[in-house]
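S.K.: There's a structure below that I have some questions on.
The values are calculated or read from the model by the stated rules, or taken from the named source; none is laboratory data. Bear in mind that the values here come from a model prediction, so they are computed numbers and not experimental data. Because the Cβ atoms are built from the backbone with ideal geometry, glycine has one as well, and the counts that use them run over all protein chains shown. Protein only, heavy atoms only, side chains kept; ligands, DNA and RNA dropped before computing areas. Shrake-Rupley method; radii C 1.70, N 1.55, O 1.52, S 1.80 Å.
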Amino acid sequence: DWIADNPWEFAYDPDRKTFLAVEEVNFVRNALTAIPADRIPKSKRLRILVVVAQPLGTAHLSVEEEEEAIKAGFRRLIDDGLAEVDILQNAAPARLHRVLEAGERYDVIHFIGHGTFENGAGYLVFEDEQQRMQKLEADVFRQIVCRRDVRLVFLNACETGQGGVADFNRGLAPALIAGGVPAVVANQYSVLDISATAFARHFYWSLAQGRSLGDAATEARIAVNYAIAGEAIDWAIPVVYARNPAEALCEPRAAADVKDDARKAVLRARRAPPSGKIRVALWDVHRMIPSLPQIAEAMTGSQERFAFEPVSIAAPMGTWRREKSKESGEVAYLRAEKVAQRLEGKPAEVGVQRLICLTNRPLRDRDTLELYGWEDAGEQIAIFSMFGFIDQLRPPELTMQRMIANGAAGFLAGLSCHKRGRKFCPLYYNDERDIRAVAGALKLCPACQKTLRADRGLREAIEKLLLL
């Protein structure tokens, strides 16, 4: 057991100075069991059931908007006809059981939620029918999903890749493999929900091209490695369990089809630069703002200085740390400097001058907790944390569009924050976190207007953004 539970993804060749898992070696785990694995017939497209067992932290969204936010992560697969995606929200164990029991066949179950490993056993955290927390043991979850023709279970949850000490198969991923699921992807460490995003996207893409489970995992690790600058732990967090790592879920696709898909992806990504406007990317880190394209269009049309566009990039891992907070107990803070360091070069990569990251996670820098706005010294990357604000939005006075426009105006003005003067100025240092000074009607204070007087075009653009 202690051999099997080691983080083999970190195996390193000191002579070549490279990690084997992004070279020629597929590290795939298995489990000792007498139960045969379910058969894997190849298909032309993946049928994926996304099981959401936790709220997205976006209470202002309707059910339809939440589904659109989740599907955004699978958009490329859906648009190219490589996958069909159904979503089961507020997935109590009984609801998941009923769906699978009814005979609806899915190739993949993609679980979004929380996992934990306690007292030598793995658990998934669900909500019961009364929306109370319900911990589900590995054996019970195995009984729900096994023998349902599910060919892959992707557990986007913490500590789901660990095995038990006394009984290795009491871990979540080993239990599923031992029960007959042909393949499982899980996380071997505690991670935020977004941490497996880059891996999952390319893993599914490679599977849809007809690659084997082992090769798809390797390609996904390579994709994470070049998509995110930083530490090796980024691509090593997900682990793959499989009875046969050489097995493929889909029929191989012709090279011409793959080239055509790549061409369409380039065309989708190509955007004509608006004449004379500074391009600003809005990155919805957690895909929680389905209306972001409309908001970006409204912000662009409101003034003549900036062109706003939503972008989708790989989420940087290893940028957060759990810390004690007097108000909230233990909190997982995003470290602003770390995020900016890991995103260095991203603005140029996506063809913009500025990148504004929109997150719903608590934010801090090296000196201050509970920040909601931060930008790097080069004024290329800004982070806007909506943590604690989303549930306070009350349209039409306090809206998501106004909150994003106000935040962008504060960043793009290029001025330092002030603790004195008019409170409802976008540059006011709002340490009391008054929602009215975040998502309400704001106006440049006289001091900020005077400072921006030399650049009339910039001042007018900021003032028009604040009118949205």
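S.K.: Say we look at segment 39-53 and pick out the residues that are aliphatic (A, V, I, L, M) and not in a strand (DSSP E or B); which of these is least open to solvent (accessible area, probe 1.4 Å)?
M.R.: Looking at residues that are aliphatic (A, V, I, L, M) and not in a strand (DSSP E or B), I get Ala53.
S.K.: Now, a different point. Sort through Cys357, Cys425, Cys448 and tell me the only one that's in a helix (DSSP H, G or I) and crowded, with 20+ Cβ neighbours inside 10 Å.
M.R.: Of Cys357, Cys425, Cys448, the one residue that is in a helix (DSSP H, G or I) and crowded, with 20+ Cβ neighbours inside 10 Å is Cys448.
S.K.: Let me ask something else. Considering only segment 116-135, I want to know if a residue exists there that is surrounded by fewer than 19 Cβ atoms within 10 Å (Cβ to Cβ), under 16 Å from Gly179 (Cβ atoms) and over 23 Å from the mean Cα position of the chain (by Cα).
M.R.: No, there is no match, as no residue in segment 116-135 is surrounded by fewer than 19 Cβ atoms within 10 Å (Cβ to Cβ), under 16 Å from Gly179 (Cβ atoms) and over 23 Å from the mean Cα position of the chain (by Cα).
S.K.: Taking the stated definitions as given, is Val108 modelled with pLDDT of 90 or more, touching a His at 6+ places or on another chain (Cβ under 9 Å) and closer than 30 Å to Leu292 by Cβ?
M.R.: Against the criterion (modelled with pLDDT of 90 or more, touching a His at 6+ places or on another chain (Cβ under 9 Å) and closer than 30 Å to Leu292 by Cβ), Val108 does not qualify.
S.K.: Looking for whichever is among the small types (Gly, Ala, Ser), at pLDDT below 90 and open to solvent by less than 40 Å² (accessible area, probe 1.4 Å) here; the options are Gly378, Gly407, Gly351. Which one fits?
M.R.: Gly351
S.K.: Let me ask you something else. Taking Ala255, is it at pLDDT below 80, among the hydrophobic types (A, V, I, L, M, F, W, C) and open to solvent by 50 Å² or more (accessible area, probe 1.4 Å)?
M.R.: Yes.
S.K.: Could I ask something else about it? Can you tell me which residues in segment 298-312 are touching an Asp or Glu at 6+ places or on another chain (Cβ under 9 Å) and either over 17 Å from Ile381 (Cβ atoms) or not in a strand (DSSP E or B) (or both)?
M.R.: Thr300, Gln303, Glu304, Arg305, Ser312
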